[in-house]
Amino acid sequence: MSAQKPRTLFDKIWDAHVVETLPDGTALLYIDLHLTHEVTTPQAFDGLRAAGRKVRRPDATLAVVDHNIATDDSRRTGIVDPESRLQVETLEKNVVEFGVPYIPLLDDRQGIVHVIGPELGRSLPGMTIVCGDSHTSTHGAMGALAFGIGTSEVEHVLATQTLLQKPAKNMRISVDGNLAFGCTGKDIILAIIGRIGTAGGTGHVIEYAGDAIRALDMAGRMTVCNMTIEGGARAGMVAPDQTTFDYIARTPNGPKGDALKRAIEWWSTLPSDPGAHFDTEIRIDAHAIAPQVTWGTNPEAVLPITGVVPNPADVADEAKRAQMQRMVDYMGLVPGQRLQDLKVDVVFIGSCTNSRIEDIRAAAAIAKGRRVADGVRAMVVPGSGLVKKAAEAEGLDRILKEAGFEWREAGCSMCLGMNPDKLTPGQRSASTSNRNFEGRQGPGGRTHLLSPAMAAAAAISGHLADVRDYQPKEAL
Amino acid sequence: MQAFTKLTGIAAPLPKANVDTDQIIPARFLKSISRLGFGKNLFANFRFKEDGSENPDFVLNQEPYRRAEVLIAFENFGCGSSREHAPWALLDFGIRCVIAPDFADIFHNNCFKNGVLPVRLPKEVCAQLMEDAKLGANARITVDLEREVVVRPNGEEIPFKIDPLRRHLLLNGLDDIGQTMQHAPAIDSFEARQKAAQPWLYA
Ligand code: SF4
């Protein structure tokens, strides 16, 4: 064969995992790591049991509880909600029966599945990674192909370590230049979704490139890849580089010594070749991105914090106008109102999008020496027990508590209304999570998505605020 | 899995784009460990008021749509969370087919694994079918997977396309794990090769 055609990062990982191609072009794709949690697995294990099947590779599977659990002290005395308890107990029974490694609730390593995979060194470059959860795209920041699957597919992977998949199209989004003051990975991804729309990436895998992405730390890259699904693409990825390798070298379970050296040699071949074909190319000027905040009920309804609530009357298309009107009504807004005038009731800093140590440092830097505004409930929920410990070792918990923030145990918490942390109807939240859908944080709740520093600024001021006006008072 | 061949029934119009899986089945109802029983909370935030009573304005609370077997909506149906509870809730309610201009990828996949047929048709056609559906019980539509056509109440046939493998599995109600198991030798040899090249992937 002549010299190989230039390939993208996605093409290379895909090609390396095709076990067989079926006559109609569907690939039987090998899966290197399968992460599981309590919500999307009970029916899958049931299916295995009914068919008398086993888990093919327990060593490539990891289970943890995160969605359903309380993030206060009550987790130590047992889960109160009977249905939540049943789901957790069911997972605990299933992992024993099927021999799957499990991180229990009271283990230090427990946390949100998309925080712990990279943190423990289980999510590595070049891997195929799946989980019954759409934000599996997060792990693409490691230079892996990672995507969410449904419960039937969870069962398929448990039984066969493979999935039936059609190849995706390649999209590259280059964020060129330097990020402006006050901006983070969260602002990059919100700006991208604002630009491409919630279905802009459908059918694609997105590779994020450009100086501004290269300059992000791993936490920032994870934030960007995490919200890829909100742009309609199932997977987002960043080519592995020295930042990635240094991060892996610090993880407890990543390869070490010679194995790491050998792995880095392999991983260094993964970045897209010059001249590789992308079906869609998008370029964004990093410097033009201002701190972002969503105003509506899908992540595409996003504006710079200096913006005002848009007016549905300005929209020509009838269906779009009706949709915008519904968002304005649901969110309790008035067209023309300044976003910075919106008072918040709750501030939530957490979720698989923004709950890593870097995120907590960013929030603490703004909070230090200041107070949460009267009438605002502000909570910080670390992404894992290890993040919590690291933050406490740095004294960040103390800074946050002194400023009036709640400092909680690891879990999904208020990212979704299925555990005790919920909004009540009409409450407005400034949240570092990833979805602002109607009712996502509790029925009738109104969610504004933003970065951890922006969330901290909102907590301090009592309304949505421009983080550039709230710079740290004292060094951490 | 229940096979899907041909269905003639009532269609409910839901003229909304970006219907996400949090709307289809809100997170607070995801706690069951069975696949059944989610139908009663399908679209719960639209179907029920805060006090738990029915919202009479929502289509699935109106006759004859309480018995709908087909749902017609606009773009990007099923976006958001990957929860397979979304097709389970549709199925448990009695909806076996969703027609929309396009679907979010994961939801689209999940439908096929559960005997729910997602049909892509252009937006104007969806709008036309919604008008048909508004005529109520006398306006049954037919979805024929064998022939890949939707038949309007007036008899007009609208062709659609489904991936051949998926169509085959759905027509026959086949589980794809069994099919994949037949490739076990290929999976074994893949693992042997990968283990030699990337030993760090194996415990
Ligand atoms: S933090 Fe939120 S988005 Fe992330 S896994 Fe948990 S519920 Fe899903």
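Tallying residues that are within 11 Å of chain B (Cβ to nearest Cβ) and either away from the ligand (no atom under 14 Å from the Cβ) or more than 20 Å from the chain's Cα centre (by Cα) (or both) within the range A:37-78 yields 17.
Name the one entry in A:Thr160, A:Thr198, A:Thr138 that is within 14 Å of chain B (Cβ to nearest Cβ) and farther than 28 Å from A:Gly296 by Cα.
That would be A:Thr160, the only listed residue that is within 14 Å of chain B (Cβ to nearest Cβ) and farther than 28 Å from A:Gly296 by Cα.
Can you name every residue in the range A:107-128 that is charged (D, E, K, R) and either within 14 Å of the chain's Cα centre (by Cα) or under 21 Å from A:Ala259 (Cα atoms) (or both)? Correct list: A:Glu119, A:Arg122. Elements of the type helices (runs of 4 or more DSSP H) sitting completely within the range B:99-192 and holding at least 2 residues that are within 17 Å of the chain's Cα centre (by Cα), among the aromatic types (Phe, Trp, Tyr) and buried (at least 16 other Cβ atoms within 10 Å of the Cβ): these cover B:105-112. So for the range A:172-189 (the condition being closer than 25 Å to B:Gly78 by Cβ, at pLDDT 95 or above and within 14 Å of chain B (Cβ to nearest Cβ)), does at least one residue qualify? No: the range A:172-189 contains no residue that is closer than 25 Å to B:Gly78 by Cβ, at pLDDT 95 or above and within 14 Å of chain B (Cβ to nearest Cβ). Count of the range A:4-23 residues, restricted to those that are in contact with a Lys or Arg (Cβ under 9 Å, 6 or more places away or on another chain) and within 13 Å of chain B (Cβ to nearest Cβ), is 1. Run down A:Thr228, A:Thr251, A:Thr223, A:Thr294 and say which single residue is modelled with pLDDT of 95 or more, hydroxyl-bearing (Ser, Thr, Tyr), within 16 Å of the ligand (Cβ to nearest atom) and in contact with a Leu (Cβ under 7 Å, 6 or more places away or on another chain). Residue meeting the stated conditions: A:Thr294.
Restricting the range B:150-170 to residues that are more than 12 Å from chain A (Cβ to nearest Cβ) and touching a Phe, Trp or Tyr at 6+ places or on another chain (Cβ under 7 Å), which is modelled with the highest pLDDT? In this case the residue turns out to be B:Val150. Among the numbered conditions (1) within 26 Å of A:Asp66 (Cβ to Cβ); (2) open to solvent by 10 Å² or more (accessible area, probe 1.4 Å); (3) facing chain A (nearest Cβ under 10 Å), the only one that B:Lys16 does not meet is (1).
Residues that are open to solvent by 10 Å² or more (accessible area, probe 1.4 Å), away from the ligand (no atom under 16 Å from the Cβ) and within 14 Å of chain B (Cβ to nearest Cβ): does the range A:330-347 have at least one? So far as the range A:330-347 goes, yes, one or more of its residues are open to solvent by 10 Å² or more (accessible area, probe 1.4 Å), away from the ligand (no atom under 16 Å from the Cβ) and within 14 Å of chain B (Cβ to nearest Cβ).
In this structure, is A:Thr128 away from the ligand (no atom under 14 Å from the Cβ), open to solvent by 10 Å² or more (accessible area, probe 1.4 Å) and within 14 Å of chain B (Cβ to nearest Cβ)?
Criteria not met by A:Thr128.
The strands (runs of 3 or more DSSP E) located wholly in the range A:1-82 that include 2 or more residues which are open to solvent by 10 Å² or more (accessible area, probe 1.4 Å) occupy A:18-21. When residues in the range A:241-252 are screened for being open to solvent by 80 Å² or more (accessible area, probe 1.4 Å) and in a helix (DSSP H, G or I), 1 of them pass. Evaluation of A:Thr202 against the conditions (1) of a type in the set (Val, Ile, Thr); (2) outside any helix (DSSP H, G or I); (3) crowded, with 23+ Cβ neighbours inside 10 Å shows that the sole unmet condition is (3).
Regarding B:Lys16, is this residue within 16 Å of the ligand (Cβ to nearest atom) and assigned to a loop (DSSP other than H, G, I, E, B)? Answer is no for this residue. Within the range B:47-87, the set of residues being open to solvent by less than 10 Å² (accessible area, probe 1.4 Å) and aromatic (Phe, Trp, Tyr) comprises B:Phe77 only. Just for the range B:24-46: of the residues that are within 15 Å of B:Leu91 (Cα to Cα), open to solvent by 20 Å² or more (accessible area, probe 1.4 Å) and part of a helix (DSSP H, G or I), which one is farthest from the ligand (Cβ to nearest atom)? Out of the qualifying residues, it is B:Lys40.
Being in contact with a helix residue (DSSP H, G or I) (Cβ under 6 Å, 6 or more places away or on another chain) and either open to solvent by 10 Å² or more (accessible area, probe 1.4 Å) or not polar (S, T, N, Q) (or both): is that true of A:Ile264 here? Against the criterion (in contact with a helix residue (DSSP H, G or I) (Cβ under 6 Å, 6 or more places away or on another chain) and either open to solvent by 10 Å² or more (accessible area, probe 1.4 Å) or not polar (S, T, N, Q) (or both)), A:Ile264 qualifies. Residues considered: A:His156, A:His114, A:His135, A:His139. Of these, the only one that is open to solvent by less than 20 Å² (accessible area, probe 1.4 Å) and without any contact (Cβ under 8 Å) to a residue 12 or more places away in the chain is A:His156.
The values are calculated or read from the model by the stated rules, or taken from the named source; none is laboratory data. A quick note: this is a predicted structure, and the numbers were derived from the prediction, not measured. Every residue, glycine as well, gets a Cβ built from its backbone with ideal geometry; the counts of neighbours run over all protein chains shown. To get the accessible areas, we keep the full protein, side chains included, count just its heavy atoms, and leave off ligands, DNA and RNA. Shrake-Rupley method; radii C 1.70, N 1.55, O 1.52, S 1.80 Å.
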